[in-house]
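Working notes, structure below.
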Amino acid sequence: MTEIKQKVDVTIVGGGIVGAALASGLAQHGFQVAVLEQKTPAVFVAGSDPDVRISSIGAASAALLKQLDVWPAVLAMRTVPYRKLETWEWQTSAVNFDAESFGLPELGFMVENSVLQQALWQRLQQQPVQLLCPACLRDLQSKNGGWQLTLDNGEQLHARLVVGADGANSQVRQLAGIGIHGWNYAQSCMLINVRCELDAGDTTWQQFTPDGPRAFLPLFDSWASLVWYDSPARIRQLQAMSMPQLKKEIQAHFPPRVGRVTPVVAGSFPLVRRHATRYVLLGLALVGDAAHTINPLAGQGVNLGYRDVDALIEVLSESRLRAEDWASAAVLQRYQRKRLKDNLLMQSGMDMFYSAFSNQSAPLKVLRNLGLIVAQHSGVLKRQALRYALGL
């Protein structure tokens, strides 16, 4: 393990795609940063099969990664832009978003999480950041105007600010005694990497069905990711199938436009909503999934995490320039005010969308499809929805 300095400005617990971005941004602004991560990111191998974990990166997230000088490394590995987005229940009520019609070069990018993390770690290794890996947090205690972190090997580290970027089951959040509101949705989600007969193209689409949405995310070359929402029991059944069996199920339950595809690897997870009751304490902050998880229906999870990162970097760097106590509760509350309502709004919006399309009442079905038709023909509404989703 790298030798631990006894005192740092900021310790970030979790070196994933959100925590690593925060570490890089704070290091750019002159903060002394340490990152605790349990596992070293896998080395990228050109020509390898894609990671089953995919993120849809919006314009604001891509801008942050460019600002951190991470984007060139992502491009050097692999990512693919998508330029069209379609969603429908009835084909006659489809809503279409086209980058060209909005004057944009693309709507966003599909990036494997492993590629994002590897690119971020390459950047961190070029910066004065302590990468403590493998390392696990064992204990966290408020001490001397900061926090004392005890690692699994018994070593200790003192930080003025601790940031929990350690995911939905955040140890930092639990050790700090911050509660959560949340529930399990009545569905699980399966991600399936497939090879297509033809190039996957630049259109991502989502169809609502009585059992849950079916989505198609284009990746590089002929690779694509299929997203299958269904009951937990049905997803467990699908997960237990062989790839030839799964192929038959895809052909039977995805719309014909998916074409002939061959599944290669699949993974699944339950859909859970969590929201921390607060994001900050004196000398402590939560970002990304440690603060909030969202129904992945619109692919906004990582984008919300990057909005957290952007806001926290801005708050801390501006406070430091003003010679304030940047780890104080008063300063960190500025970050909470910037992000908590926005995250709650996105969570609630996704919940309303999920509830509306989960209900099979005939009148509601007609009503929601009429709503999609109105949305398709409302230029202003479509533009505002797209700008918000992309963070523009």
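The values are calculated or read from the model by the stated rules, or taken from the named source; none is laboratory data. If you're wondering where the values come from, they're calculated on a predicted model, not measured in any experiment. A quick note on method: Cβ atoms are made from the backbone with ideal geometry, for glycine too, and the neighbour counts reach across all protein chains shown. Each accessible area value is taken on the protein alone, full model and side chains, heavy atoms only, with ligands, DNA and RNA left out. Shrake-Rupley method; radii C 1.70, N 1.55, O 1.52, S 1.80 Å.
Data overview
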| quantity | calculated |
| --- | --- |
| Ranking by accessible area, most exposed first, for E318, E197 with a 1.4 Å probe | E197, E318 |
| Rel. contact order, % - alpha carbon contacts under 8 angstrom, at least six apart, the chain | 20 percent |
| Probe 1.4 Å, all protein chains present, accessible-area order of L345, L238, largest first | L345, L238 |
| Hull volume in cubic angstrom per residue (convex hull over the Cα atoms of segment 41-171) | 189 Å³ |
| Efficiency of FRET from Cβ geometry, A76 and N144, R₀ 35 Å, rounded to 0.05 | 0.20 |
| Loop-exposed chymotrypsin sites (Phe, Trp or Tyr not before Pro) per DSSP, neighbour cap 15 Cβ within 10 angstrom, longest uninterrupted part of the chain | 221-392 |
| Length added when fully stretched, Q237-E100, from 0.36 nm per residue minus Cα-Cα | 45.2 nm |
| FRET efficiency for V272 and K341, using Cβ-Cβ distance with R0 set to 22 Å, rounded to 0.05 | 0.55 |
| Gaussian network model of the chain, springs between alpha carbon atoms under 10 Å - residue of A165, A60, A252 with greatest fluctuation | A252 |
| Normalised contact order of segment 259-343, rounded percent, pairs of Cα under 8 Å and 6 or more residues apart | 29 percent |
| Kyte-Doolittle mean at least -0.5 and Cα axial length at least 27 Å: DSSP H helices in the chain | 301-321, 329-358 |
| Gained length - R260 relative to L198, 0.36 nm times residue gap less alpha-carbon distance | 21.4 nm |
| For segment 3-86: relative contact order, % (alpha-carbon pairs under 8 angstrom, 6 or more apart) | 25 percent |
| Exposure ranking of H29, H158, H275 by accessible area [1.4 Å probe, largest first] | H29, H158, H275 |
| FRET efficiency, D69 to Q6 (Cβ-Cβ, R0 35 Å, nearest 0.05) | 0.75 |
